[in-house]
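To keep things clear, I will list the structure first and then write my remarks on it.
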Amino acid sequence: MKYIRLLVIFYTIMSGVVATEASETLRLATGTTLSLTQKAMPYLECALTNLEQPKAITSMPWARAQIATEQGLYDGFFMASRNHKRDQYAVLSEPFFNIDWVYIVRKESDLLPNTPKFQQAIFVVDIGSARSSWLKNEFNNGHISHEIVKTFDATIALTMLASGRVDIALLNNINSETAFKQTGYSASDFQTFVIKSIPVGVYFSKTFLATNPDFLENFNTNIKMCKIK
């Protein structure tokens with residue numbers, strides 16, 4: 001019996017250690033755009049190494065990454081730009097860098113931004129992105145005439161654009177470069193118009209920050225230092 005009690009005590013202690021270690025691991029979700037994750041990783045690695053903060057990163061569809069963070073399944077998601085909906089359940093970190101939002105049209109197209117013909121065209125955007133929300137507002141406010149086509153990634157959007165199924169793709173400069181490589185198209189096959197330059201960082205869950213009140217300030221300080229290196 002004494003031996004059994006010792007085993008129970010040992011098991012209880014070890015279970016507590018495992019639970020503690022699991023709770024101390026920063027759980028981050030990221031989108032499936034590998035190039036964007038790779039661009040962010042040096043900054044993230046630098047800051048978290050300085051903080052001696054272990055992490056676990058899971059790749060998933062971008063919309064799911066945000067919902068899972070809102071539900072408390074993850075401590076944050078990256079890379080993200082600020083918008084009102086995300087601000088309700090998470091806090092954006094010090095930006096790592098800026099991403100350009102770009103309109104892409106076929107090379108032979110005569111569509112130009114800020115013209116009536118442009119506003120009457122058919123747009124495509126990747127679902128779950130801040131660009132998707134922004135474009136939806138443009139439609140709701142009457143600045144765009146047609147319902148917006150949504151896809152799961154930039155590669156599909158670019159393919160639809162090239163085939164003439166849509167007129168304009170709203171992407172960012174990083175995922176559009178990836179889409180060019182994956183589809184075999186060249187940037188010279190299209191016209192590109194930069195419409196915004198958006199700072200992006202990690203959105204940390206307010207639930208996570210409530211239990212780690214010093215984390216965000218320390219993380220932001222280290223990101224600033226890592227950007228100088």
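Could you work out what % of the accessible surface of region 172-228 is carbon and sulfur, using a 1.4 angstrom probe and leaving DNA, RNA and ligands out of the count? It would help to have the intermediate numbers written out before the result.
Numbers: 1580 of 3050 Å².
So the carbon and sulfur contribution to the accessible surface is 52 percent.
Excluding THR33 itself, what net charge comes from residues whose Cβ is under 15 Å from its Cβ, given Lys and Arg +1 and Asp and Glu -1? Before the final figure, lay out each step's value.
Numbers: positive: LYS39, ARG64, ARG131, LYS181; negative: ASP100, ASP126, ASP153, GLU177.
Neighbourhood net charge equals 0.
Using the Cβ atoms and a cut-off under 13 Å, what net charge is assigned to the surroundings of ASN220, where Lys and Arg are +1 and Asp and Glu are -1? Could you put the intermediate results ahead of the total?
Working: positive: LYS224, LYS227; negative: GLU94, ASP214, GLU217.
Net of charged neighbours comes to -1.
Using a Förster radius of 30 Å, what is the FRET efficiency between ILE228 and GLU138 based on their Cβ-Cβ separation? Nearest 0.05, please. If you can, show how the numbers build up before the last one.
Working: r = 37 Å, r/R0 = 1.23.
The pair ILE228/GLU138 has a calculated efficiency of 0.20.
Once phi is turned into θ = phi - 60°, what whole-Hz ³J(HN,Hα) does the Karplus curve with 6.51, -1.76 and 1.60 give for every residue of region 184-192, x standing for Gly and Pro?
Taking θ as phi minus 60°, the curve returns x, 6, 10, 4, 6, 7, 9, 10, 10 Hz for region 184-192.
Please list 3J(HN,Hα) in residue order for region 30-37, calculated via the Karplus relation 6.51 cos²θ - 1.76 cosθ + 1.60 where θ = phi - 60°; whole Hz, with x for glycine and proline.
Each residue of region 30-37 in turn: 9, x, 8, 7, 4, 4, 5, 4 Hz.
Just reorder HIS143, HIS84 by solvent-accessible area, largest first, 1.4 Å probe, all chains present.
I get HIS84, HIS143, largest accessible area first.
Hey, what D do you get for the chain in µm²/s if you plug the Kirkwood alpha-carbon radius into Stokes-Einstein at 4 °C and 1.567 mPa s?
Details: Rh = 19.6 Å.
For these conditions, the coefficient is 66 µm²/s.
If I stretch the segment between THR32 and LYS85 completely, what's the gain in nm (0.36 nm per residue apart, minus their alpha carbon distance), one decimal? Numbers along the way, then the final one.
Details: separation 53, 0.36 × 53 = 19.08 nm, distance 2.11 nm.
Contour length minus the Cα-Cα distance gives 17.0 nm.
Just how large is the dipole of the chain about the Cα centre, in debye to the nearest 20, putting +1 at every Lys and Arg Cβ and -1 at every Asp and Glu Cβ?
Numbers: 22 positive and 20 negative charges, 50 e Å.
Result for the chain is approximately 240 debye, rounded to the nearest 20.
Any idea how far apart LYS196 and MET41 come out in nm if each label point goes 7 Å out from Cα toward Cβ?
Roughly 2.8 nm, to one decimal.
In a Gaussian network model over the chain where Cα atoms closer than 10 Å are linked, find which of ASP189, ASP126, ASP75 has the largest mean-square fluctuation.
ASP189
Between exposed GluC sites (Glu not before Pro) in the chain, where DSSP calls loop and at most 12 other Cβ atoms lie within 10 Å, what's the longest gap? It would help to have the intermediate numbers written out before the result.
Working: sites that count: GLU52, GLU108, GLU147.
Formally, the longest exposed-site-free interval is 148-229.
So how tilted is helix 2-24 from the main axis of the chain? Cα-based, degrees 0 to 90, rounded to 10.
Approximately 30 degrees, to the nearest ten.
Check cross-link reach from LYS227 to the lysines: straight Cα distance under 24 Å, and skip same-chain residues fewer than eight apart.
Partners within reach: LYS39, LYS55, LYS196.
The values are calculated or read from the model by the stated rules, or taken from the named source; none is laboratory data. Note that this is a predicted model, so its numbers are computed, not measured. In this analysis, Cβ positions are derived from the backbone assuming ideal geometry, glycine residues included, and neighbour counts consider all displayed protein chains. For the accessible areas, the whole protein counts, side chains as well, though only heavy atoms, and no ligand, DNA or RNA atoms are used. Shrake-Rupley method; radii C 1.70, N 1.55, O 1.52, S 1.80 Å.
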